[in-house]
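Asker: I have a structure I would like to understand better, so I am pasting it below and will then ask my questions one at a time.
We did not get these values from a lab; they are worked out from the coordinates using the rules stated. Just so it is clear, the structure is predicted and the values come from calculations on it, not from any experiment. Here the Cβ is made from the backbone with ideal geometry for all residues, glycine too, and neighbour counts use every protein chain on show.
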Amino acid sequence: MKPRELKPDIFWVGAIDWDRRLFDALIPLPDGTSYNSYLIKGSEKTVLIDTVDPTMQEILTANLSELKINSIDYIIANHAEQDHSGAIPQILEKYPEAIVVCTPKCKNMLIDLLMIPETQFITVSDKETISLGDKTLEFIYTPWVHWPETMVTYLREDKILFSCDFFGSHLATTDLYVTNKGQTDEAAKRYYAEIMMPFRTIIQKNLEKLEGLKIDIIAPSHGPLYSEPEFIMKAYHHWSFDDPKNIVVLPYTSMHGSTRKMVEYIVSALVQRSVTVKQFDLSVTDIGKMAMALVDAATVVIGTPTVLTGAHPNVAYAAILANALRPNLKFISIIGSYGWGSKAIDQLVALVPNLKAEILEPVLSKGFPEETDFKALENLAGIIAQKHKENGYN
Ligand code: FEO
């Protein structure tokens, strides 16, 4: 994709990665992604904001050539992760006069990760500005979205917020701006769930910090741009500030049908009590969908069979992931089955220390579930529904 003009002298010069299906060897990308890089030609200085994943650096340099850019004064590195910084060394080869502008923490990371010489940097403090002549860049620290060094860059005269990962979405599209709000909301929520949710309380502070800034366009470094910034800012506000909802997330695995039968039973019992359930068979599910469901859920019920006396490895993986994502869960329970003995409950509870949730009485069935097991599941469903109601989770 060739450069695209946002406004006079402001261009998108990034790359669209239609085919990428996995990020960090972990996160599914069903819709691909993009690495948005931006070029601003001020009356005195030319600036590149973020670069692209190193696998696509040739596209970025071709875009700069297309715009006949002979010199770059500053490369703004909002974030040190390589999908935005990885092409900085190649840009510096082509434009050795360019100075990398970033936070002090980001500078250290870029030296560690990319071996950029220390002399190539200037660091900026929170709210510091740089003049490009007729345009002014203001740097606003927004730490932990989702690394400690992150900042955003605000172009004052044009009211554009270059937000890097913040407000981004893994979505490959030829639309420069959001046209399909439903699709973007889903992609941005998936993105939030997978990398921002662990820092929810810091995200709240960063959102508050941006309040009062007049923003016409949010230009993230993944996915389409927002010409209606309030759309994504409101969504982020809901995801990070709101109480959980009357939702149970139920990730499970079943080997011979016993755990599946228990899952089916409790799902039905919860639905009868007007609780929404999002059920995920971990042997086939897109783990990103489960992460999204955890954004709003009040309760997780984990379903596991017993394998070699412990939880099924698929379930242990999901528990470790949920623990890392730190959703705002209030209640946890475990259901499942075993043949002759099981340590699955103790094992799973030990895997989720970050989840500050009340553990509700688990239900494990010996062999295929029987009447006493169904009664215990019915009881568990009743407790969950009651707890949600008492706490006002609607
Ligand atoms: Fe898109 Fe944290 O990098």
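Asker: Give the relative contact order (percent, whole number) for the chain; include only Cα pairs under 8 Å separated by 6+ residues.
Answerer: Relative CO of the chain lands at 12 percent.
Asker: Could you order peptides 317-327, 365-375 by the average number of other Cβ atoms within 10 Å of their residues, highest first? Write out the running numbers ahead of the final one.
Answerer: Values: 317-327: 19.3, 365-375: 14.5.
Ranking, from highest mean packing down: 317-327, 365-375.
Asker: Using R₀ = 35 Å, calculate the FRET efficiency as 1/(1 + (r/R₀)^6) where r is the Cβ-Cβ separation of Asp281 and Ile122; round to 0.05.
Answerer: On the way: r = 52 Å, r/R0 = 1.48.
My answer for the efficiency is 0.10.
Asker: Where the centroid of each part is defined by its Cα atoms, how far is region 319-394 from region 111-168 in Å?
Answerer: Spelled out, the Cα-based centre of one part sits 44 Å from the other.
Asker: Follow-up question, since we're still on this one. Based only on other Cβ atoms within 10 Å, what is the fewest-to-most ordering of Leu213, Leu360?
Answerer: Numbers: Leu213 14, Leu360 17.
Fewest-to-most Cβ neighbours within 10 Å comes out as Leu213, Leu360.
Asker: Something else now. Just to verify a number: FRET efficiency for Ile111 and Glu58, C-beta to C-beta distance, R0 = 22 Å, to 0.05?
Answerer: Values: r = 24 Å, r/R0 = 1.11.
The pair Ile111/Glu58 has a calculated efficiency of 0.35.
Asker: Same structure again: Putting +1 on Lys and Arg Cβ atoms and -1 on Asp and Glu Cβ atoms, find which of Ser65, Trp12, Leu213 reaches farthest to the positive end of the dipole of the chain.
Answerer: Comparing the listed Cα positions along the dipole, Leu213 ranks first.
Asker: I would also like to ask the following. State to the nearest 20 debye the size of the charge dipole of region 181-249 about its Cα centre, where the only charges are +1 on K and R beta carbons and -1 on D and E beta carbons. List each step's numbers first, then the result.
Answerer: Details: 9 positive and 10 negative charges, 28 e Å.
For region 181-249, the charge dipole is close to 140 debye.
Asker: Could you rank the peptides 334-344, 100-110, 73-83, 230-240 by their average count of other C-beta atoms within 10 Å per residue, with the highest value first? The partial results should precede the final answer.
Answerer: Values: 334-344: 19.5, 100-110: 21.4, 73-83: 23.7, 230-240: 16.8.
Top to bottom by mean Cβ count within 10 Å: 73-83, 100-110, 334-344, 230-240.
Asker: Starting from the 7 Å offset along Cα-to-Cβ, what nm value, one decimal, do you get for the label separation of Ser65 and Glu211?
Answerer: A separation of 4.9 nm, rounded to one decimal place.
Asker: Could you bin all the Cα-Cα distances of the chain into 10 Å bins starting at 0 and give me the percent of pairs in each, rounded to whole numbers?
Answerer: 5, 22, 28, 19, 14, 9, 3, 0
Asker: Sort out for me the Cα centre separation of region 171-203 from region 72-95, rounded to whole Å.
Answerer: Comparing the Cα centres of region 171-203 and region 72-95, I get a distance of 24 Å.
Asker: Now for a separate question. Give, in nm to one decimal, the length gained when the segment between Asp24 and Glu370 is fully stretched (0.36 nm per residue of separation minus the Cα-Cα distance).
Answerer: Values: separation 346, 0.36 × 346 = 124.56 nm, distance 4.30 nm.
Additional length available on full extension: 120.3 nm.
Asker: Counting only complete DSSP H runs, which helices of the chain cover 20 Å or more along their long axis at the Cα atoms and score a mean Kyte-Doolittle of 0.0 or above?
Answerer: Working: long enough: 258-272 (22 Å, 0.37); 371-390 (28 Å, -0.61).
Span-like helices in the chain: 258-272.
Asker: Above 18 angstrom, tally the Cα pairs of region 160-240 and express them as a % of all pairs, no decimals.
Answerer: Details: 1059 of 3240 pairs.
That fraction is 33 percent.
Asker: Go through the chain and flag any cysteine with no other cysteine's C-beta closer than 4.7 Å, please.
Answerer: So far as the 4.7 Å Cβ criterion goes, Cys164 stand without a partner in the chain.
Asker: Roughly how many debye, to the nearest 20, is the charge dipole of region 4-241 about its Cα centre, given +1 on each Lys and Arg Cβ, -1 on each Asp and Glu Cβ, and no other charges?
Answerer: Numbers: 22 positive and 35 negative charges, 82 e Å.
Here region 4-241 has a charge dipole of around 400 debye.
Asker: Sorting check: for 289-301, 111-123, 10-22, which peptide has the highest mean count of neighbouring beta carbons within 10 Å, and how do the rest follow? Please report the intermediate quantities before stating the final value.
Answerer: Values: 289-301: 24.2, 111-123: 13.2, 10-22: 18.4.
Highest-to-lowest ranking by the protection proxy: 289-301, 10-22, 111-123.
Asker: Considering the dipole of region 245-388 built from charges on the beta carbon (Lys and Arg +1, Asp and Glu -1) around the Cα centre, which of Leu377, Leu329, Gln347 is farthest to its positive end?
Answerer: Leu329
Asker: Helix-derived [θ] at 222 nm for the chain: sum -39500 (n - 2.57) over DSSP H runs of at least 4, divide by residue count, nearest 500? Working shown, then result.
Answerer: Working: 12 runs with 133 residues, N = 394.
Dividing the helical sum by the residues of the chain leaves -10000 deg cm²/dmol.
Asker: Choose one of Ala297, Thr259, Leu360: the residue whose Cα lies farthest towards the positive end of the charge dipole of region 259-394 (beta-carbon charges +1 Lys, Arg; -1 Asp, Glu; about the Cα centre).
Answerer: Result: Ala297, furthest along the dipole toward the positive end.
Asker: Suppose every K and R has +1 on its Cβ and every D and E has -1 on its Cβ; what is the size of the dipole of region 245-388 about the Cα centre, in Debye to the nearest 20? Walk me through the numbers on the way to the answer.
Answerer: On the way: 13 positive and 11 negative charges, 65 e Å.
Dipole about the Cα centre, nearest 20: 320 debye.
Asker: Of Lys41/Lys181; Lys245/Lys387; Lys68/Lys107; Lys7/Lys135, which ones are farther than 22 Å apart at the Cα?
Answerer: Details: Lys41/Lys181 30 Å; Lys245/Lys387 12 Å; Lys68/Lys107 28 Å; Lys7/Lys135 13 Å.
Table pairs above 22 Å Cα-Cα are Lys41/Lys181; Lys68/Lys107.
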